[in-house]
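The values are calculated or read from the model by the stated rules, or taken from the named source; none is laboratory data. Because the structure is predicted, anything quoted here is derived from the model rather than measured. All Cβ positions, even for glycine, are placed from backbone atoms using ideal geometry, and neighbour counts span all protein chains on display.
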Amino acid sequence: MPRSLRARLLIAFLVVGAAALATVGVAVLLTGPGYFADAMGHLPGDPMGEAMANDTQAAFTDAMRRALVAATLIAIATATVVSLLVAARLARPITALARAARRIAGGHYAERVPAEEPGELGELAMSFNEMAASLEDTERRRLQLVGDVAHELRTPLTTLDGYLEGLEDGVVEPSAQTWRLLRTETARLTRMVNDLAELWRAEARQLPLHTDAVDVAVVASEVGEGFAAEARARAITLDLPSGGIVATADRDRVAQIVSNFLSNALRHAPDGSRVAIVVARRGAVVRLSVADEGPGLAADQLEAVFERFYRVDPARSRAVGGSGIGLAIVRALAEAMGGQAWAESAGPGKGATFHLELPAA
């Protein structure tokens, strides 16, 4: 059996045509003489008529066979030409798909195929283009992640290397402050590596989740109590929700998400402002919202804040502002639990609200 799709289609068309021709030929040879004899109208018992009938029928049968042979040859030639054209027409988009797939396998993720064919071939081309776009986006994110990780690791490693070299050369005194600074930098590295590992597991859906009926309002209130002292120290009013709103989720992961939302809100909220946690059921989902009165977000920042290592304020130190992966982990955790996370803001200077939606229990 040939491996080419075009050759297979050609053989299939020819087999179907040959079967049709054979059927027609057999049917004509079996039924044709009888119909011809009835049409001639020879009476039984007439010797002359019977002789003429036999001769006429033999001539008819011979002519019919010749005509069938000629018709078969013409039909085979026509079927071959038509089959070649149809097979080429059907195989062309599939060949283009195979060629594009080989280029994508070679790393050319911008490859696309025309999606102009009607029916299933058009749907196949569109699905292929969507897959190629997803692969291109994944590769872009991978390269960006590698660059971001290298950039983020460079600062603490440079600091560590400089102080260690100074200690080795005797330029830096091994004081308690020096050791504390070194421990701070190693803690930053450890936190960043742990966050990256958790983000990878969350996006790969490999985090262990223990989903159950969870009172989201109670969890949010408990997490909020842990931030109450920080809020009081800055005269920030912290509004906490009351219980009784249950979702299907992992309790620890919900607490992790609320903690991330609250830490971001308190970090950006001005002293004497208000941070509110609101939990409400909306149909088949439970929505948790954390709103602050901080600097807010521009329209192009609402999605960007969930990107890895994105910082609204580029001047903010990573030691103060976190690893920059927290919201990316939040979104991955929310999707892993069958929910979603997003941000809203009326604009710069008008505060921001971060939302989490989970399936209601």
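Arg234 passes every criterion in (1) over 22 Å from Gly339 (Cα atoms); (2) touching a strand residue (DSSP E or B) at 6+ places or on another chain (Cβ under 9 Å) apart from (2). Scanning the stretch 201-214 for residues that are crowded, with 20+ Cβ neighbours inside 10 Å and touching a strand residue (DSSP E or B) at 6+ places or on another chain (Cβ under 8 Å) yields a single hit, Val214. Residues of the stretch 215-231 that are part of a helix (DSSP H, G or I) and surrounded by 14 or more Cβ atoms within 10 Å (Cβ to Cβ): Val216, Ala217, Val218, Val219, Ala220, Ser221, Glu222, Val223, Gly224, Phe227, Glu230, Ala231.
Quick one: is Thr184 farther than 18 Å from Met337 by Cβ, in contact (Cβ under 8 Å) with a residue 40 or more places away in the chain, assigned to a helix (DSSP H, G or I) and among the hydroxyl-bearing types (Ser, Thr, Tyr)? Yes, satisfied. Looking only at the stretch 101-134, residues that are surrounded by 13 or more Cβ atoms within 10 Å (Cβ to Cβ), of a type in the set (Gly, Ala, Ser) and either assigned to a loop (DSSP other than H, G, I, E, B) or out of contact with any Phe, Trp or Tyr (no Cβ under 7 Å at 6 or more places or on another chain) (or both) come to 5 in all.
Residue-by-condition table, conditions (1) at pLDDT 75 or above; (2) loosely packed, with under 13 Cβ neighbours inside 10 Å; (3) over 21 Å from the mean Cα position of the chain (by Cα); (4) of a type in the set (Val, Ile, Thr):
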{"position": "Asp55", "(1), (2), (3), (4)": "no, yes, yes, no"}
{"position": "Ala58", "(1), (2), (3), (4)": "no, yes, yes, no"}
{"position": "Ala63", "(1), (2), (3), (4)": "no, yes, yes, no"}
{"position": "Leu73", "(1), (2), (3), (4)": "yes, yes, yes, no"}
{"position": "Val86", "(1), (2), (3), (4)": "no, no, yes, yes"}
{"position": "Arg99", "(1), (2), (3), (4)": "yes, yes, yes, no"}
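Apart from one condition, Asp137 fits all of (1) in a helix (DSSP H, G or I); (2) of a type in the set (Asp, Glu); (3) within 24 Å of the chain's Cα centre (by Cα); (4) surrounded by 14 or more Cβ atoms within 10 Å (Cβ to Cβ); the exception is (4). Of all residues in the stretch 66-96, those satisfying the criterion of being more than 30 Å from Phe128 (Cβ to Cβ) and of a type in the set (A, V, I, L, M, F, W, C) are Ala67, Leu68, Val69, Ala70, Ala71, Leu73, Ile74, Ala75, Ile76, Ala77, Ala79, Val81.
Before we move on, is Arg183 at pLDDT 85 or above and out of contact with any His (no Cβ under 7 Å at 6 or more places or on another chain)? Spelling it out, Arg183 is indeed at pLDDT 85 or above and out of contact with any His (no Cβ under 7 Å at 6 or more places or on another chain).
Can you say whether Ala110 is farther than 21 Å from Ala22 by Cβ and within 31 Å of the chain's Cα centre (by Cα), as far as the supplied structure shows? Considered against the rule, which asks whether it is farther than 21 Å from Ala22 by Cβ and within 31 Å of the chain's Cα centre (by Cα), Ala110 comes out as yes. Applying the criterion of being surrounded by 22 or more Cβ atoms within 10 Å (Cβ to Cβ) and free of Cβ contacts under 8 Å to residues at least 40 places away in the same chain to the residues of the stretch 259-283, the residue that is farthest from Leu327 (Cα to Cα) is Ala269.
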